[in-house]
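Participant: Structure incoming, see below.
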Ligand SMILES: C[S@@+](CC[C@H](N)C(=O)[O-])C[C@H]1O[C@@H](n2cnc3c(N)ncnc32)[C@H](O)[C@@H]1O
């Protein structure tokens with residue numbers, strides 16, 4: 001499923017960094033894992049060894065993940081009329097379907113960012129297939145809805161991978177007032193407890209250290225081709 005800011009291309013590399021920090025199993029146990037900005041769960045699919053927790057502020061998205069875990073099958077086709085009726089609340093549908101249509105059938109995977117069309121593709125069908133392929137790898141994940149800035153981690157001594165909205169970006173439901181300064185304060189606060197936080201961002205406050213970086217091409221086109229970015233992970 002297309003998802004704004006989804007980590008599809010880098011999911012394996014990022015999961016390796018997470019793995020290193022969860023440590024060697026001690027009496028069969030690794031540090032518990034939490035991903036508080038789960039989105040389309042690309043990184044989560046690559047993380048093994050429970051306990052694994054995943055949350056997001058978007059309650060529709062979390063309802064979709066839980067429904068998929070329980071065997072829900074999303075539709076293979078969504079017309080533009082259906083899309084608009086759901087977006088405008090004219091059609092009463094489940095939260096799971098609201099999320100599926102809001103991301104999976106929208107332009108660039110941006111929450112109700114316009115009906116995806118063109119390229120002779122059936123976007124609903126592609127989102128359907130992608131989600132059903134993924135859900136097997138996510139059966140052991142504990143999904144819950146939460147605002148990262150306000151919730152305590154579900155266990156002690158966790159490894160917490162954050163992939164927040166990048167500074168200055170918009171496009172996620174309920175995050176119009178995203179404040180990077182509050183986010184970094186929260187990361188520092190939790191790190192001062194017993195948690196290890198790993199953060200995907202292009203820039204971090206000076207006291208944070210870079211633990212990993214890799215050049216990548218974004219989906220944005222420039223006159224020289226695809227725009228290049230260096231993806232980074234920071235910790236403290
Ligand atoms: C960059 S996306 C995550 C993409 C994900 N790694 C993937 O591969 O699909 C950022 C996510 O943060 C969520 N979000 C934004 N503000 C949040 C908050 N305060 N607490 C929890 N989640 C939040 C958005 O709903 C969105 O799903």
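Participant: Identify, from the list 71, 23, 113, the residue that is over 17 Å from residue 125 (Cβ atoms) and either within 20 Å of the chain's Cα centre (by Cα) or within 16 Å of the ligand (Cβ to nearest atom) (or both).
Facilitator: The conditions single out 113.
Participant: Restricting to segment 158-182, what's the tally of residues that are at pLDDT below 95 and either within 22 Å of residue 18 (Cβ to Cβ) or within 12 Å of the ligand (Cβ to nearest atom) (or both)?
Facilitator: Total meeting the criteria: 16.
Participant: Does residue 11 fit the bill of being surrounded by fewer than 21 Cβ atoms within 10 Å (Cβ to Cβ), within 23 Å of residue 231 (Cα to Cα) and modelled with pLDDT under 95?
Facilitator: When the stated conditions are applied, residue 11 does not pass them.
Participant: Report, by residue number, each residue of segment 95-118 that is touching a helix residue (DSSP H, G or I) at 6+ places or on another chain (Cβ under 7 Å) and not in a helix (DSSP H, G or I).
Facilitator: The answer is 105, 111, 112, 113, 114, 115, 116.
Participant: Considering segment 52-68 alone, what residues qualify as being within 12 Å of the chain's Cα centre (by Cα), buried (at least 23 other Cβ atoms within 10 Å of the Cβ) and under 9 Å from residue 95 (Cβ atoms)?
Facilitator: 61, the sole residue that qualifies.
Participant: Moving on. Before we move on, is residue 121 farther than 14 Å from residue 64 by Cβ, in a helix (DSSP H, G or I) and outside the structural domain of residue 12 (by TED's automatic domain parsing)?
Facilitator: It is false that residue 121 is farther than 14 Å from residue 64 by Cβ, in a helix (DSSP H, G or I) and outside the structural domain of residue 12 (by TED's automatic domain parsing).
The values are calculated or read from the model by the stated rules, or taken from the named source; none is laboratory data. Keep in mind the model is a prediction, meaning the values are calculated, not measured. With ideal geometry, Cβ positions are generated from the backbone for all residues, glycine too; neighbour counts draw on all protein chains shown.
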